[in-house]
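In what follows, a structure is listed as structure tokens, so that the remarks can point back to it.
Throughout, read-outs are computed from the coordinates displayed, never taken from laboratory work. Note that the structure is a prediction, hence the values are computed from the model and not measured. FYI the Cβ positions are ideal-geometry reconstructions off the backbone, even for glycines, and counts take in every protein chain you see.
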């Protein structure tokens, strides 16, 4: 993988904009990614985005990221709460990984209160709707030493 930043999006995130807008907002995944891409490009970074409704695709992307990406932003959707396999794949990545949630999982159903990813990510940004992605990008850039990241 030849990019500075990999953005991973899990199951059902391709439905953003229409899926439960009262929880996730009306911004589409494409809009989120394009906003991140413009900001990343302002730092001279390249961004690759992978969305899949299949756990294995996300694991393969995390493996591939080890060959060149500097950081990962991951919104694994419901896999955040159950996927030890994705956790293992992200644990092998040598750079910073930031977990993102548009909603606040701690304020939702009990099964969403635990993240299997939490032990292997640098941090989690949750509950700020579209701003969650922007905050995650600022966090990654700060961890990588971009002076104007915040």
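Share of pairwise Cα-Cα distances greater than 24 Å in the stretch 5-143 is 21 percent (whole percent).
Can you sort 124, 28 by how many other beta carbons sit within 10 Å, fewest first?
Values: 124 19, 28 15.
Fewest to most other Cβ atoms nearby, the residues stand as 28, 124.
Cβ crowding within 10 Å ranks 29, 79 as 29, 79, fewest other Cβ atoms first. Packing-based ranking of 128-138, 66-76 yields 66-76, 128-138, ordered from highest to lowest mean Cβ neighbour count within 10 Å.
Relative contact order, whole percent, for the chain stands at 25, derived from Cα pairs under 8 Å and 6 or more residues apart.
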